[in-house]
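Before any comments, here is the structure.
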Amino acid sequence: MLPTIEWKKDRVVMIDQRKLPEEEVYVEFTDYNQVAEAVEKMIIRGAPAIGVAAGYGVALGLLRIEKEENLDEEFDRIYRRLERTRPTARNLFWSLERMKKTLEENKRLSLAQLKQRMIQEAMDIEREDIETNKKIGFWGKDLVKDGQSVLTHCNAGSLGTAGYGTALGVVRAAFQEGKKIQVYADETRPFLQGARLTCWELDRENIPVTLITDNTAGFLMQKGMISVVMTGADRIAKNGDIANKIGTYTIAVLAKENNLPFYVAAPSNTIDFNVAEGKDIPIEERDPQEVREIRGRCLTLPRVRVKNPAFDITPAKYISAIITEKGIVRPPYEKNLKG
Ligand code: MRU
């Protein structure tokens, strides 16, 4: 399976997702600040993968502590640095809260033992994420029938998680059953997760994939070339509204107009029960330069104003079902979504 991120001895190793598909480069970090920067720069991205990185970031930060009396203050510093990185991804906060709870429950250990315990917890988060994704694949695979084509947006695959993927986990599970499936991946401007990452990881496993531009989806739907839409989520509100990569909402509206099912695949730790509805989800604004340029080449006048929200909100009414590791959840989400 694709190694997105892993712990090696006293360091974190991740594949640099900015360099794919041209180069398969692995980067190593020994400092939690480097991990925070890697998340901000999208060396690693995708809500579940960000969650795993945060767990390892905390473990790395604690490894550096020499005196027990500095523990609480240092932990607080590490926590606050990591939580500032990608504000929309629920899994980031879920992971940090879990690491905090583990620390509090294990304070009786010596500093050396505590460090090992925290590394173990971060490794558990990684392992459990892969198990969760396989369960999502198991529940979701029957939603994709033999001969169908699946439109996906962004990359909710191995690279967006610890491995196997959520939306692409469903695709993988259906494909492994022998179903003939065609995936349409849109480019996903501006970071091009679809063109660079989804196509790369599906191609490696010989799962048929066709690349389209972001504005081609509606036309293919009209032509009857799309059977289902399957995406991931960065955060799910209590009422079933979801935040996902910018452009998801547009596709969901198109799917409804064309009577196509629109499915969201995500682990239950993406659900934020403290957020009542989508409008309350914080949406990350990213550097205008990401839109203004492609690979260092300016597309417009350098002074042109740019708006670059990384995510949008898809209201629950457009979502046919949400697939988690616990099963398929259908509306009304307010009643049926469980933690
Ligand atoms: O900005 P990104 O690449 O982190 O955005 C990722 C997405 O929107 C994914 O769909 C989501 O995080 C789920 S990844 C399994």
Checklist entry - Of Ala185, Ala243, Ala112, which is the most mobile in a GNM of the chain whose springs link Cα atoms less than 10 angstrom apart? => result Ala112
Next on the checklist: Among Leu20, Leu299, Leu260, which one shows the highest mean-square fluctuation when the chain is modelled as a Gaussian network with alpha-carbon springs under 10 Å?
Outcome noted: Leu299
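Keeping every protein chain present and rolling a 1.4 Å probe, give me the accessible area per residue for the chain in Å². Can you show the working numbers first?
Values: 14870 Å² over 339 residues.
Heavy-atom accessible area per residue stands at 44 Å².
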Item to check | segment 139-336 - Debye-derived log10 I(q)/I(0), Cα point model, q = 0.08, 0.12 Å⁻¹ | outcome: -0.25, -0.57
Next on the checklist: Across segment 5-134, what fraction of all alpha-carbon pairs, as a whole percent, falls in each successive 10 Å bin from zero upward?
Outcome noted: 13, 47, 32, 7, 1
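Order of 37-47, 53-63, 329-339 by packing, highest average Cβ count within 10 Å first? Spell out each step's value before the answer.
Details: 37-47: 21.7, 53-63: 26.9, 329-339: 14.5.
Final packing ranking: 53-63, 37-47, 329-339.
What size of dipole, in debye to the nearest 20, comes out for the chain about its Cα centre when the only charges are +1 on Lys and Arg C-beta atoms and -1 on Asp and Glu C-beta atoms?
Working: 51 positive and 50 negative charges, 137 e Å.
Dipole size: approximately 660 debye.
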Checklist entry - Using the membrane-span-like helix rule (whole DSSP H runs, Cα extent along the own axis of at least 20 Å, mean Kyte-Doolittle hydropathy at least 0.5), which helices of the chain qualify? => result 47-63
Checklist entry - Considering only segment 139-336, what is the antiparallel percent among its DSSP beta bridges, to the nearest 5? => result 40 percent
Item to check | Most mobile of Ala265, Ala233, Ala321 in a GNM of the chain (Cα contacts under 10 Å) | outcome: Ala321
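Please report the carbon-and-sulfur percent of the accessible area for the chain; probe 1.4 Å, protein heavy atoms only, DNA, RNA and ligands left out. Before the final figure, lay out the partial values.
Working: 7240 of 14870 Å².
The computed percentage sits at 49.
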Checklist entry - Using mean Cβ contacts within 10 Å as the protection proxy, how do 23-33, 173-183 order, highest first? => result 173-183, 23-33
Next on the checklist: Among DSSP bridges having both ends in the chain, what percentage is antiparallel? Round to the nearest 5.
Outcome noted: 55 percent
Checklist entry - For the chain, what Kirkwood radius comes out of the mean inverse Cα-Cα distance, in Å? => result 20.2 Å
Next on the checklist: Straight-line reach only, C-alpha to C-alpha below 14 angstrom: list the aspartates and glutamates that Lys317 could link to, leaving out same-chain residues fewer than 8 apart.
Outcome noted: Asp241, Glu257, Glu277, Glu334
Checklist entry - Can you work out ³J(HN,Hα) from phi for every residue in segment 288-305, in order, using Karplus 6.51 cos²θ - 1.76 cosθ + 1.60 and θ = phi - 60°, giving whole Hz and x for Gly and Pro? => result x, 4, 4, 8, 5, 10, 10, 6, x, 9, 6, 8, 9, 6, x, 8, 5, 5
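Students often get this wrong, so check it: of Lys19/Lys338; Lys145/Lys326; Lys256/Lys326; Lys134/Lys338, which have C-alpha atoms separated by over 29 Å?
Working: Lys19/Lys338 37 Å; Lys145/Lys326 21 Å; Lys256/Lys326 26 Å; Lys134/Lys338 19 Å.
Pairs exceeding 29 Å: Lys19/Lys338.
The values are calculated or read from the model by the stated rules, or taken from the named source; none is laboratory data. Here the structure is a predicted model, which is why all the values come from computation and not from measurement. Positions of Cβ are backbone-derived with ideal geometry, glycine not excepted, and every protein chain shown enters the neighbour counts. These accessible areas exclude ligands, DNA and RNA; they are computed on the full protein's heavy atoms, side chains included. Shrake-Rupley method; radii C 1.70, N 1.55, O 1.52, S 1.80 Å.
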